[in-house]
Amino acid sequence: MVAFVKSVTFDCSSALLLATFWAEALGSNVDEDSTDERAWVEPAGWGGPNLWFRRVPEGKVAKNRQHFDLRAVGPVSAEVDRLVALGAHVLAHDVDLVVMADPEGNEFCVEP
């Protein structure tokens with residue numbers, strides 16, 4: 001028997017803020033029962049894991065050891081611009097991907 005990924009959990013200072021960012025980034029919605037203490041986002045039609053967000057008192061202090069790699073449907077530059085408008089920021093440009101951070105500093109990549 002094997003296990004499967006049920007959810008990916010983010011510790012954060014504002015569960016609703018971060019859930020809203022990731023819901024918009026991934027084309028989904030924040031669950032209606034979410035609060036600023038805990039929030040969740042279900043995958044948008046592709047059957048992946050749920051995203052859980054829970055408020056914790058401490059802030060992020062180091063680079064993520066695990067991160068999302070997002071595949072841009074169109075030009076990477078257009079997707080980066082869209083994510084910046086949602087609250088992300090660019091950390092670095094690599095040869096074929098862009099390293100970004102969400103509104104609470106969690107790193108992720110955007111690639112073609």
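Throughout, read-outs are computed from the coordinates displayed, never taken from laboratory work. Keep in mind that what you see is a predicted model, and the values were worked out from it rather than measured. In this analysis, Cβ positions are derived from the backbone assuming ideal geometry, glycine residues included, and neighbour counts consider all displayed protein chains.
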- prompt: Mean projection of the alpha-carbon convex hull of the chain over all orientations, in nm²?
  reply: 8.1 nm²
- prompt: How far is the Cα center of segment 76-104 from the Cα center of segment 1-50, in Å?
  reply: 19 Å
- line: So the angle from the long Cα axis of helix 76-86 to the longest Cα principal axis of the chain, reported in degrees to the nearest 10, equals 40 degrees
task: Using only Cα atoms, find the angle between the long axis of helix 15-26 and the longest principal axis of the chain, and express it within 0 to 90 degrees, rounded to the nearest 10.
output: 50 degrees
Segment 3-59: chymotrypsin sites (Phe, Trp or Tyr not before Pro) falling in loop per DSSP and having at most 10 other Cβ within 10 Å: F4, W46
task: State the answer as a single residue: which of T20, T35, G48 lies farthest towards the positive end of the charge dipole of the chain, with beta carbon charges of +1 for Lys and Arg and -1 for Asp and Glu, about the Cα centre.
output: G48
10 Å Cβ shell holding at most 14 others, DSSP loop, GluC sites (Glu not before Pro): longest site-free stretch of the chain: 59-112
field: Cβ charges +1 (Lys, Arg) and -1 (Asp, Glu), total dipole of segment 7-58, debye
entry: 120 debye
Residue-by-residue Karplus 3J(HN,Hα) for segment 37-44, coefficients 6.51, -1.76, 1.60, Hz, glycine and proline x: 7, 8, 8, 8, 10, 8, x, 8
Relative contact order (%) - the chain, alpha-carbon pairs under 8 angstrom, separation at least six: 24 percent
statement: FRET efficiency for D81 and R38 from the Cβ-Cβ distance with R0 = 41 Å, rounded to 0.05, comes out at 0.85
- prompt: DSSP beta bridges in the chain, what fraction antiparallel, as a percent rounded to 5?
  reply: 55 percent
statement: Within segment 1-65, DSSP-loop trypsin sites (Lys or Arg not before Pro) with at most 12 other C-beta atoms within 10 Å are K6, K63, R65
